[in-house]
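Below is one structure, written out as C-alpha cells, with a few remarks after it.
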Amino acid sequence: MQKILLTIDKISTFVGKVFSWCIVGLTLLITWEIFSRYALDKPHDWAFDGMIQLYGMLFMMAGAYTLSKNNMVRGDVLYGFFPVRLQAGIDLTLYFVFFLPGVTALCWAGYNYASESFAILEHSGITANGPPVYQYKAVIPIAGAFILLQGVAEIIRCVRCLKDGRWPLRLQDVEEVDVEKLKAQMHVKDEDIAKLDEFVTTGKGSDK
C-alpha cells in the first residue's frame, strides 16, 4: 500500500514540476510584451490572454502537487496540537464531507465546460482577436482528476494513521531550510554566530 501511495505522490510531483515551467513562460511573455509595447511600440492583443492561461494552468495543475506535500492552506491554530489519530479523524471527515463532493463536481462541471468550449471552438472575448481558450478550459477537468487521485491517497493515509497511530511516509521533495540541521552540518555553534555578529556590529574589521 505504501508503494501505491508513493507512486501517486510521484505522479502528482511530476505533473506539478512539468507545469512549474509555466512560470518561465509567463516571465518571458511579460518581459517581451513590456519591451515590445514600450520600446518597439508594438503591443500584442493576445498577450494578456496568454498570461492568464499560463498562470491559470500553473495554478490548477499545481493543486495535486501541493496536496501531496501536505501544504494546502488550513486553519491549524489548534490542529497541530491534536494527537495524530484525532488529526486523521478530522481530515478523513472533511475529505468525505467537502473534498470528494467538491472535487467530483469540479471534474464533472469542468468536463461539460470544456466539451462545450471545444464544440464551438471558443475564443477569448477579452480582445477583438482573442486566442482560442478551449484547450485551456480542458485543463480544468484534467487538474480535477489529478487532485481527486491525490485525494484518494490522502484518504488512505488517514485510514492508515487511524489504524497505526502515525502518519505514513510521504515522498520527500524541496523543503524549507532547517537552520538547526544546517548549523550541525557546518559544525557552527550559537557562540560562534554571536561572536561574528559582535565583530560586524562593532566594526572591528572595517579597517582591514
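Might you let me know whether the stretch 13-20 holds any residue that is hydroxyl-bearing (Ser, Thr, Tyr), over 18 Å from the mean Cα position of the chain (by Cα), within 27 Å of residue 132 (Cα to Cα) and in the same structural domain as residue 59 (by TED's automatic domain parsing)? Give the derivation first.
Step one: filter the stretch 13-20 for residues hydroxyl-bearing (Ser, Thr, Tyr), giving 13, 20.
Checking the rest, the ones that are also over 18 Å from the mean Cα position of the chain (by Cα) come to none.
No: zero hits.
Being in the same structural domain as residue 91 (by TED's automatic domain parsing) and modelled with pLDDT under 90 narrows it down to one residue among 141, 168; which is it?
From the options 141, 168, the qualifying one is 168.
What number of residues within the stretch 106-141 are touching a His at 6+ places or on another chain (Cβ under 9 Å) and among the polar types (S, T, N, Q)?
Residues in the stretch 106-141 being touching a His at 6+ places or on another chain (Cβ under 9 Å) and among the polar types (S, T, N, Q): 1 in total.
Give the residues of the stretch 37-63 that are aromatic (Phe, Trp, Tyr) and either in contact (Cβ under 8 Å) with a residue 24 or more places away in the chain or not assigned by TED's automatic domain parsing to the domain that holds residue 18 (or both), sorted by residue number.
Passing the criteria: 46, 48, 55.
Scanning for something in a helix (DSSP H, G or I), crowded, with 19+ Cβ neighbours inside 10 Å and aliphatic (A, V, I, L, M), does the stretch 123-134 turn up at least one residue?
As a first pass, look at the stretch 123-134 and keep what is in a helix (DSSP H, G or I): 134.
Next, only the ones that are crowded, with 19+ Cβ neighbours inside 10 Å stay: none.
The answer is no; no qualifying residue exists.
Test residue 104 against the criterion of being of a type in the set (S, T, N, Q), free of Cβ contacts under 8 Å to residues at least 24 places away in the same chain and either assigned by TED's automatic domain parsing to the domain that holds residue 157 or in a helix (DSSP H, G or I) (or both), and give yes or no.
Judged against the criteria, residue 104 is not a match.
Of all residues in the stretch 31-51, which are under 26 Å from the mean Cα position of the chain (by Cα) and surrounded by 15 or more Cβ atoms within 10 Å (Cβ to Cβ)?
47, 48, 49, 50, 51
With respect to residue 89, is the statement that it is surrounded by 12 or more Cβ atoms within 10 Å (Cβ to Cβ), under 27 Å from residue 140 (Cβ atoms) and either of a type in the set (Gly, Ala, Ser) or not assigned by TED's automatic domain parsing to the domain that holds residue 133 (or both) true?
no
The values are calculated or read from the model by the stated rules, or taken from the named source; none is laboratory data. Nothing here was measured: the structure is a model prediction, and the numbers come from that model. Don't worry about glycine lacking a Cβ; one is built from the backbone with ideal geometry, like all the others, and counts go over all protein chains shown.
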